[in-house]
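Only one structure is covered here, and it is reproduced in the block below.
Any read-out appearing in this document is the output of simple, stated calculations on the displayed coordinates, not a laboratory observation. Computed from a predicted structure; not experimentally measured. Ideal geometry is used to build each Cβ from the backbone, glycine not excepted, and the neighbour counts take in all protein chains shown.
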Amino acid sequence: MKIPDYCFLRHGQTAYNYAGILHGQLDSELTELGKRQAAKQGKLLKKLGLPSHTLIYSSPLGRAVATAEIIKSYCSFSIKTDQNLSEVMMGEWQGKTWDDIGLNSLKSFPKSLTKFEASLMAPKGESFRDLQFRTKIFLSKISTPTIIVAHGVILNILRAEICNLSFPEMSHLSQNQGEVFAVRNGQEFNLNSVKLN
């Protein structure tokens, strides 16, 4: 595979992820599994042979920075944090579970609603437009190739912006931890399923 323009990585599993608690802009530590996921991502990135001037841009939230630091131990690239990569602020839902807010009971939400879409509906939280504005600011100031370590919701919007995806397509993008998504010329590849040398 030719060197991609961007690589997108969600942070490794955290204690909150394990417990099913919504972070938003709250934080929790990486679990041992989360650290192994980050190491796996670092090994995949090392195989790409990215140029030495590649930068790792990370959300400033601790779980993303911890993931970026593990990746750096394999790739030796400099890390910069950017507030625009922070996860969606989920207002009154931060620190709660999907059961707490009633998503899993489907009483207050349509059956077709994805968790990505639900994350944009939190009372006193950020809207899709807020996040789109943040992603445009971030993308306007970076050069390629770039490794981006962030969070499920903001990453879906970034990936959609670069690949020109519709909102329904964006809402169904994978957010699995431990995966690396590479974009070259507006086409996205899951590096976990691409054979690398």
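Key figures for this structure:
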quantity: Helix 62-75 axis, angle to the chain major axis (alpha carbon atoms, nearest 10°); calculated: 20
quantity: Cα centroid separation - region 50-104 against region 166-197, whole Å; calculated: 17
quantity: Linear extension gain, residue 192 paired with residue 115, 0.36 nm per residue minus alpha-carbon span; calculated: 25.4 nm
quantity: Longest exposed-site-free window of the chain, the sites being trypsin sites (Lys or Arg not before Pro) in a DSSP loop that have at most 11 other C-beta atoms within 10 Å; calculated: 3-106
quantity: Degrees, to the nearest 10: 152-163 long Cα axis against longest axis of the chain; calculated: 60
quantity: Cut-off under 5 Å, modelled amide H: who pairs with residue 6 long-range; calculated: 146, 183
quantity: Within region 43-88: Cβ-based charge dipole about Cα centre, in debye rounded to nearest 20 (Lys, Arg +1; Asp, Glu -1); calculated: 260
